[in-house]
Amino acid sequence: MTLLETRNLSKSFGGLQAIDKVSLKVEQNTIHGLIGPNGSGKSTFFNLLTGVYQPDEGSRISFDGVDITNSPAHAIAGLGLARTFQLLRLYGELSVLDNVMVGYHPHTKYGPLAPLFNGAEVRRQDKAVKEEMQELLEFIGLADHAEIPAAELSGGQRRLLALGRAIAMRPKMLLLDEPGAGLSPVNVDNLMATIMTLKERYNLTIIVVEHILKVVMSTCDTISVLDHGQKISEGTPEFVKNDPAVVEAYLGREMADEDIRAAMDA
């Protein structure tokens, strides 16, 4: 079943065509990779999917059977499309537990006046939510840090917290924007193992942008490749790593010939 589909998705900024008629489908309960050199349009693509940017005329985005082409970000999130960011946007002064509860907030069942008229029920719901969020922190390995400020976490722990906050939104699809950025190889492996486990536990569909090609090649069912805003290749990891157009897109830009081939063959 197709959960997300884009048709002729385009976005221009003045004279720059950042995304140029990109059409793709993401099947439910799969991991779909999105790769490409710097400036290829990956972040813009994510911003279009999540309502940060509005696409050009003629573009279409469908999520879970709903046309979300021009929907605002909060409406898209409410349908079950969540994301993380390359530059982490945590609330450093809040506790780790409070950060994941921020993610859960859209599912709160009572209004702002409820504490005045039905305080007991509000306290009961708050207790249940905290227990659920504590269980999530246990699952991602941050339960022992629940009460400390997020600013005191290490880089790897912050990545996990950002992931946990996104999971707290109870998404159907999760967009991961360079989840391994700034992490050591060991921490990257641990993070990806956590993501794979979360995918199965919460029945998630995932789109991942990642410059660490070994990660993408080893975890994704399908990979789409962007270059200069256009989709130049798509298929299984085996197909993509052997596609001359993909190798050509990277050569001489970010990595040397032998490096890109080694990464894709890893």
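General remarks:
- Residues that are of a type in the set (Gly, Ala, Ser) and either farther than 23 Å from Arg170 by Cα or in contact with a Phe, Trp or Tyr (Cβ under 8 Å, 6 or more places away or on another chain) (or both), drawn from the stretch 25-79: Gly36, Gly39, Ser40, Gly41, Gly58, Ser59
- Of the residues making up the stretch 1-55, those that are among the basic types (Lys, Arg) and within 24 Å of Val247 (Cα to Cα) number 3.
- Here Met192 clears all of (1) buried (at least 20 other Cβ atoms within 10 Å of the Cβ); (2) touching a Leu at 6+ places or on another chain (Cβ under 8 Å); (3) in a helix (DSSP H, G or I) except the condition numbered (2).
- Unique residue being in the same structural domain as Phe45 (by TED's automatic domain parsing) and under 19 Å from the mean Cα position of the chain (by Cα) when the list is Ala245, Ala193, Ala166: Ala193
- Every residue from the stretch 26-58 that is part of a loop (DSSP other than H, G, I, E, B) and among the aliphatic types (A, V, I, L, M): Val52
- Given (1) touching a helix residue (DSSP H, G or I) at 6+ places or on another chain (Cβ under 9 Å); (2) part of a loop (DSSP other than H, G, I, E, B), number of the condition His211 does not satisfy: (1)
- Considering Leu226, Leu204, Leu142, the condition of being under 13 Å from the mean Cα position of the chain (by Cα) and either closer than 22 Å to Leu4 by Cα or crowded, with 18+ Cβ neighbours inside 10 Å (or both) is satisfied by Leu204 alone.
- Test result for Arg201, touching a helix residue (DSSP H, G or I) at 6+ places or on another chain (Cβ under 8 Å), modelled with pLDDT of 85 or more and in a loop (DSSP other than H, G, I, E, B): no
- Long-range neighbours under 6 Å by Cβ, at least six apart or interchain, first residue in a strand (DSSP E or B) within the stretch 59-74, second of a type in the set (D, E, K, R): Arg60/Arg7; Ser62/Glu5
The values are calculated or read from the model by the stated rules, or taken from the named source; none is laboratory data. Predicted model, so just to flag it, every value in this text is computed and none were measured. Neighbour counts run over all protein chains shown; Cβ positions are idealised from the backbone, glycine included.
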